[in-house]
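The values are calculated or read from the model by the stated rules, or taken from the named source; none is laboratory data. Please read all numbers here as calculations on a predicted model, not as lab measurements. Quick reminder, even Gly has a Cβ in these numbers, built from the backbone with ideal geometry, and neighbours come from all protein chains shown.
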């Protein structure tokens, strides 16, 4: 292989490693949804409803707080109202009764809202309904130019408008011919871009390779490319680095919740059905403590199953243990709040398949958001460190052999 060919091989190899480390969601295109079920199935997790229950009726607002530490700011004043069939201000909504949401009422035909800080919205959605009891054309316009239009009845006819993916900074809601309309049942999913497993491996191998080259003072790119690329010893060296990287990557495999990884969010979308993230496939070498807390709107009671066996039922009141180290501000606050339901159980070493259900999310509003965590209670076995050391020794042996033949 000539010098240019070898250059292309090395350049392509490291370019591929770099590309694999980019957040996968950075390339996602915006997809629009006109029904909540399809949106929730496509949206990333964690997902959470926007809780307006703590705001007094009639309050004038120019912004609201969103789950996962974000703010939504409006270009005009909106009024917070609770839908109630017995009242005059906002009497109807789709599904009310029995589920009557809190809504944001605006005057005029359009309302523009901006997210801050940007980049934290993986997906967002809400229902819209005109104020007057007749049909109106309502449209959701996004930053990237995409839009969704539906005909929405003003009499208990709220329709869902939502999107997943893309780089949406703001949106505009339009009700053609309306003088008033309302937004309700807002729900948000957090954007959690994570490099792929191969990307993490590539990053680690690149670092190991550069460190080795620096130690050997072989940083002359032309020398490396023309003499060692494609050689058998270089291949052996790279294979050794891959083996070391795989050993290092064992402990970083993702699950929900992650052992020792703090709080993980999830949602239940209907009573007595499994949560979006269920089942949680968990394999434990040692016993671990599983904890769960309600969040956002108090009142939900969760049943946890291991396979088909019920193992835990949450209860409203003080949390069963002291606060955990800070992990997620919403979950930490919910765990410390006795108005929410909590639960905790010791899981034995072995394999578990956990499922979470809400006994009645209709009464308190679906979707019902909650958080879980899995905490280490035992020191890792010495064998784990021995395995890591063995991998490093293998890589070091190949590196020394390669060095002698340079």
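Can you confirm whether the range 326-337 contains a residue that is closer than 26 Å to residue 283 by Cβ, in contact (Cβ under 8 Å) with a residue 40 or more places away in the chain and touching a helix residue (DSSP H, G or I) at 6+ places or on another chain (Cβ under 7 Å)? Checking the range 326-337: not a single residue is closer than 26 Å to residue 283 by Cβ, in contact (Cβ under 8 Å) with a residue 40 or more places away in the chain and touching a helix residue (DSSP H, G or I) at 6+ places or on another chain (Cβ under 7 Å).
Which residues, taken from the range 339-355, are buried (at least 19 other Cβ atoms within 10 Å of the Cβ) and not in a strand (DSSP E or B)? 340, the sole residue that qualifies.
In the set (1) surrounded by 18 or more Cβ atoms within 10 Å (Cβ to Cβ); (2) under 30 Å from residue 185 (Cα atoms), the condition left unmet by residue 318 is number (1). Considering the range 294-309, and only residues there that are in a strand (DSSP E or B) and touching a strand residue (DSSP E or B) at 6+ places or on another chain (Cβ under 6 Å), the residue that is farthest from residue 52 (Cα to Cα) turns out to be 306. Exactly one residue out of 284, 312 is farther than 23 Å from residue 48 by Cα and either surrounded by 13 or more Cβ atoms within 10 Å (Cβ to Cβ) or not assigned by TED's automatic domain parsing to the domain that holds residue 68 (or both): that is 284.
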